[in-house]
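**Student:** I am attaching a structure below and will ask some questions about it afterwards.
The values are calculated or read from the model by the stated rules, or taken from the named source; none is laboratory data. The structure displayed is predicted, hence computed values, not measured ones. Backbone-built Cβ (ideal geometry, glycine too); neighbour counts: all protein chains shown.
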Amino acid sequence: MAKPDNRYNNAERLEQMVNNTIENLEEAHKTLQNEDLNSADREAIEAKNARREQSIEGFKAEIEDEIAARENGEI
């Protein structure tokens, strides 16, 4: 049997995911400072960072939805 959906702490979990993604983004920026990095690796890191930035925006929108649902008594 499936567990019931417990959304009460979703905003906090999403916030942690944002923080982790920001940390990964910052580490990748540090890696890009390496002048010995080849162009293929540089492009891959830059592409991944672009996806990370999109993820952060998506997480933030989800956090707002979760907080609104909590405030409206939906959770």
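**Student:** State which residue is surrounded by the fewest Cβ atoms within 10 Å (Cβ to Cβ) when the search covers only the range 30-71 and only residues that are among the charged types (D, E, K, R) and touching a residue at least 40 places away in the same chain (Cβ under 8 Å).
**Tutor:** Among them, the one singled out is 60.
**Student:** Shifting gears a bit: Suppose we filter 62, 15 for residues that are closer than 30 Å to residue 74 by Cα and under 9 Å from the mean Cα position of the chain (by Cα); which single one remains?
**Tutor:** 15 is the lone residue from the list that is closer than 30 Å to residue 74 by Cα and under 9 Å from the mean Cα position of the chain (by Cα).
**Student:** Would a scan of the range 29-50 turn up a residue that is more than 22 Å from the chain's Cα centre (by Cα) and either among the aliphatic types (A, V, I, L, M) or closer than 19 Å to residue 16 by Cα (or both)?
**Tutor:** The answer is yes; a qualifying residue exists.
**Student:** Taking residue 6 as the residue in question, decide whether it is of a type outside the set (D, E, K, R), modelled with pLDDT under 95 and either assigned to a loop (DSSP other than H, G, I, E, B) or surrounded by fewer than 12 Cβ atoms within 10 Å (Cβ to Cβ) (or both).
**Tutor:** When the stated conditions are applied, residue 6 passes them.
**Student:** Another question, then. For residue 15, are the conditions met, namely being touching a residue at least 24 places away in the same chain (Cβ under 8 Å), surrounded by 14 or more Cβ atoms within 10 Å (Cβ to Cβ) and part of a helix (DSSP H, G or I)?
**Tutor:** For residue 15, the condition - touching a residue at least 24 places away in the same chain (Cβ under 8 Å), surrounded by 14 or more Cβ atoms within 10 Å (Cβ to Cβ) and part of a helix (DSSP H, G or I) - is met.
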